[in-house]
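One structure below.
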Amino acid sequence: MKVERSDIPDVLVLEPMVFPDARGYFLESYNQRGFREATGFEPQFVQDNQSFSVRNVLRGLHYQIRQPQGKLVQVLLGDVYDVVVDLRRSSRTFGKWTGVELSAATHRMLWVPAGFAHGFLVRSEHALVQYKVTDYYAPEHERTVLWSDRELAIKWPLEHNPVLNEKDARATPFAAAELFD
């Protein structure tokens, strides 16, 4: 597994080994020992999630203030622009964001540690995103930072206004968000 650090060093882009042949390909999407050896981390994943979306859907920026989740994100169909924002006050990269293209074609994955808000914009006609998480979904602790917050100034590759659900459209500005220490 190839690992590269993003603009925020704690956020990692992972590229698994892919074994193509005339039938298609094979890859290990997750191997606990291989992940630990490549990254130095050994997260305990407790839940797998999937979302299916159409072009121009923007989901996020989501996080849980209690029961924070580390996430290993991968795209199984299509491609997305994936964004994370550091919400850890004690971090050197607090309030910074990074964006990474993830696609089924490249098989790249993104390791998002706990303490970050996460979201993505669908760039293809459809996208199927799967992510492993290190804690259970707790709706009472879920929070959303406004995707278009001027202070964060995220450069989303938008062609026109994104498709949002109500929760994401009325999300909290970064200045008023609950944060991590």
> Can you pull out the residues in the stretch 1-26 that are modelled with pLDDT of 95 or more and in contact with a Pro (Cβ under 6 Å, 6 or more places away or on another chain)?
Replying inline: 10
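Tell me which residues, restricted to the stretch 1-40, are in a loop (DSSP other than H, G, I, E, B) and surrounded by 14 or more Cβ atoms within 10 Å (Cβ to Cβ).
1, 6, 8, 10, 11, 16, 30
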> In the list 166, 159, 142, which residue meets the criterion of being among the acidic types (Asp, Glu) and either touching a Gly at 6+ places or on another chain (Cβ under 8 Å) or without any contact (Cβ under 8 Å) to a residue 12 or more places away in the chain (or both)?
Replying inline: 166
> Within the bounds of the stretch 149-167, is there any residue that is out of contact with any Phe, Trp or Tyr (no Cβ under 8 Å at 6 or more places or on another chain) and crowded, with 19+ Cβ neighbours inside 10 Å?
Replying inline: no
> Restricting attention to the stretch 137-148, and to residues there that are under 16 Å from the mean Cα position of the chain (by Cα) and not polar (S, T, N, Q), which single residue is surrounded by the fewest Cβ atoms within 10 Å (Cβ to Cβ)?
Replying inline: 137
>> For the stretch 102-142, give me each residue that is part of a strand (DSSP E or B) and not aliphatic (A, V, I, L, M).
In response: 103, 111, 116, 118, 119, 120, 126, 130, 131, 132, 142
> Which of the following residues is free of Cβ contacts under 8 Å to residues at least 24 places away in the same chain, over 19 Å from residue 45 (Cα atoms) and surrounded by fewer than 21 Cβ atoms within 10 Å (Cβ to Cβ): 88, 92?
Replying inline: 92
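The values are calculated or read from the model by the stated rules, or taken from the named source; none is laboratory data. Predicted model only: the values in this text are computed from it and were never measured. FYI the Cβ positions are ideal-geometry reconstructions off the backbone, even for glycines, and counts take in every protein chain you see.
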